[in-house]
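The block underneath contains the structure these notes are about, expressed in structure tokens.
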Amino acid sequence: MPSVSTSVFVSRPDTEVFDFLADARNLALWSSGVTSVDADAVVPGHEAAYSYRYPGRHRQHLLVCDHFEPCRRIVFRGQRMWGPLGTQVPVYGFELIPHGDGTLVRLSVTSCLSAALLLLAPVVAMAWRRDLPADARKFCDLLGGPVPATLHGPPAPASGAGGGDPGAPAAAPLRTSPAPGGFDYAH
């Protein structure tokens, strides 16, 4: 199950950033994993459902809000997509941390793969490592923030207070989640 994430700093309050992210229709403005989202107004919240189009797919799929914690965390889970090699379920996660005069946002994408697609997990991870920084730049451009920090893997169990300039979050090293068999293909 490949998972890739990056962190960005946005010079806006967490309430504004969360409101922007909570409306899944905005994903199509900056995320390479979402081609379009129907314009129907949906009240944001847990289990809010949107009709969206995943790149390369001709039919609509369902995108459901899987986790909704105002001003802290939101997760959207895509509908299972079938293909000749197996299935894929995309999961888009966003964690917000008030930071100085703005918000530190952790953008993550996890692809839940099955069958023969599991063999392609390193390729899927590589594609997201390529695309997520560009998505983060688009996100920052839309909300008026600086260039994103470096990519990094799954969240650490607990994060302590870091030193340094409060306006410039520290970058983390490039990592991805380990493969199901325990071998980390990225390194």
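No value in this document is a laboratory result; all are computed from the given coordinates. Keep in mind the model is a prediction, meaning the values are calculated, not measured. Quick reminder, even Gly has a Cβ in these numbers, built from the backbone with ideal geometry, and neighbours come from all protein chains shown.
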> What is the set of long-range amide H partners of ARG12 at a cut-off below 5 Å, with H atoms built 1.01 Å from backbone N?
Replying inline: THR103
> Can you list residues whose amide H is under 5 Å from SER114's amide H, if they're 5+ apart or on another chain and H is modeled 1.01 Å from N?
Replying inline: THR87
> Got a sec? How would ASP131, ASP40 order by Cβ neighbour count within 10 Å, fewest to most?
Replying inline: ASP40, ASP131
>> Please list 3J(HN,Hα) in residue order for the stretch 68-84, calculated via the Karplus relation 6.51 cos²θ - 1.76 cosθ + 1.60 where θ = phi - 60°; whole Hz, with x for glycine and proline.
In response: 9, 10, x, 6, 10, 7, 9, 9, 10, 10, x, 6, 4, 10, 9, x, x
> Whose amide H sits under 5 Å from the amide H of THR35, counting only residues 5 or more places off or on another chain, with H placed in the peptide plane?
Replying inline: ARG53, TYR54
> Based only on the alpha carbon positions, what is the Kirkwood hydrodynamic radius of the stretch 3-149, in angstrom?
Replying inline: 15.5
> With a 10 Å Cβ neighbour count serving as the proxy for reagent exposure, in which order, fewest first, do ASP38, ASP14 appear?
Replying inline: ASP38, ASP14
> What are the ³J(HN,Hα) values, in whole Hz, obtained from phi via the Karplus relation 6.51 cos²θ - 1.76 cosθ + 1.60 with θ = phi - 60°, for each residue of the stretch 52-62 in sequence order, with x given for Gly and Pro?
Replying inline: 9, 10, 7, x, x, 9, 8, 10, 6, 10, 9
> Between THR15 and CYS112, what is the spin-label point distance in nm, taking each point 7 Å from the Cα along the Cα→C-beta axis?
Replying inline: 3.4
> When the Karplus curve 6.51 cos²θ - 1.76 cosθ + 1.60 is applied with θ = phi - 60°, which whole-Hz ³J(HN,Hα) does each residue of the stretch 134-139 get, with x for Gly and Pro?
Replying inline: 5, 4, 5, 5, 4, 4
